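These notes are about the structure you will find just below.
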Amino acid sequence: MNEIEILIKSLKDFLTSKMLRIALVPLIVTMIVLYMLFFAAADFGISALQEVAAASQNGQEVIIDEDAPFYFVWATYLIVFLFKYSFTSWIAGFLLYTVGTVIVLQASVILSIVVIGFLTPLILGVLHKRHYSHLTLHGHGNLLSPLWVLIKSASMMILLFILLIPVYFVPVLNVIAFAFPLYYFFHKLLNYDVASTILSDEEFKTIYKKEATAFRLRTLFLYFISMIPFATLFSAVYFIIYLGHAYFIKLDELYKFDIPKSKLNENDVKREDEKPKQIEN
């Protein structure tokens, strides 16, 4: 089965009534969380920082409340400095709106991927029953494994964001610098959720060793889809279905073409035993 066929097959599964009902869960949960985060951020002084930016750009005096939190004071001084000069003002304005837009979009992606992780066993269970009931789901890891992968991937993402700070001021490259840490997090979480539900640890290592590039390209394709504003809110379930099909197909091939020799020998012995013995004269 080629990649186009997998994409079409995944789309057909996604458009079933059961999958569409499941797709409502990450949509509703993510929208509620983003709504809460928006008002929480407003309470922490984002509107005040916007007023500071406008005042400093117009050359007005900026007064900082001594009782304000330290991060607000630092952000205020940084904004006043950046908006004081026309050149840095242009850069700051570009970064402010670019980073703000990226943060909102990527927050929706991250939240959707985290939420869909809890629904992955349900989605893949439906897929298994419908298309791959002849295969056995082994799975690997324990209850704490997804949490550990989440913490480790998030930590690495934050570290990459920090290391790539100098690149954020370079046009064009700053887009890649923003996207790379988020793609890393996206790939690690999505790939782990699907693979750990379907495959044993040994099966995963065997398949991923040969198909790592193919699965990275698949998650990269899905990441590009997630860059469409709020597309992940609707398509996260499709991501799981698509990767699920890819892993199920590779698992099927693994046991179809890589049959242990011991099993073949056992079958040969059984066939020999089942042959009628010649009657001795």
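If you go through segment 127-151 and keep only what is part of a helix (DSSP H, G or I) and touching a residue at least 60 places away in the same chain (Cβ under 8 Å), you end up with Leu127, His128, Arg130, His131. Of all residue pairs spaced 6 or more apart or on separate chains, those with beta-carbon atoms under 6 Å, a first member in segment 202-230 that is farther than 14 Å from Glu3 by Cα and a second member that is of a type outside the set (Asp, Glu) and not in a helix (DSSP H, G or I) are Ile225/Ala231. Flag set for Ile123, criterion: touching a residue at least 12 places away in the same chain (Cβ under 8 Å) and touching a helix residue (DSSP H, G or I) at 6+ places or on another chain (Cβ under 6 Å). Filtering segment 143-167 down to residues that are hydroxyl-bearing (Ser, Thr, Tyr) and more than 14 Å from Tyr183 (Cβ to Cβ), which residue is farthest from the chain's Cα centre (by Cα)? Checking each candidate, the answer is Ser145. Of the conditions (1) crowded, with 19+ Cβ neighbours inside 10 Å; (2) under 23 Å from Glu202 (Cα atoms), Asn142 satisfies every one except a single condition; which number is it? Going through (1) crowded, with 19+ Cβ neighbours inside 10 Å; (2) under 23 Å from Glu202 (Cα atoms) one by one, Asn142 breaks only (1).
Test Phe118 against the stated conditions and say whether it is open to solvent by 50 Å² or more (accessible area, probe 1.4 Å) and within 18 Å of the chain's Cα centre (by Cα). For Phe118, the condition - open to solvent by 50 Å² or more (accessible area, probe 1.4 Å) and within 18 Å of the chain's Cα centre (by Cα) - is met. So for segment 88-107 (the condition being modelled with pLDDT of 60 or more, farther than 20 Å from Pro146 by Cβ, within 18 Å of the chain's Cα centre (by Cα) and open to solvent by 50 Å² or more (accessible area, probe 1.4 Å)), does at least one residue qualify? Yes, some residue in segment 88-107 is modelled with pLDDT of 60 or more, farther than 20 Å from Pro146 by Cβ, within 18 Å of the chain's Cα centre (by Cα) and open to solvent by 50 Å² or more (accessible area, probe 1.4 Å).
Scanning segment 177-217 for residues being surrounded by fewer than 19 Cβ atoms within 10 Å (Cβ to Cβ) and outside any helix (DSSP H, G or I) gives a total of 1. Residue selection: Asp201 fails the criterion of being acidic (Asp, Glu), under 27 Å from Arg130 (Cα atoms) and under 13 Å from the mean Cα position of the chain (by Cα).
The values are calculated or read from the model by the stated rules, or taken from the named source; none is laboratory data. Please read all numbers here as calculations on a predicted model, not as lab measurements. Note that each Cβ is placed from the backbone with ideal geometry, even for glycine, and that neighbours are counted across all protein chains shown. In case anyone asks, the SASA skips ligands and DNA or RNA and just uses the protein heavy atoms, side chains included. Shrake-Rupley method; radii C 1.70, N 1.55, O 1.52, S 1.80 Å.
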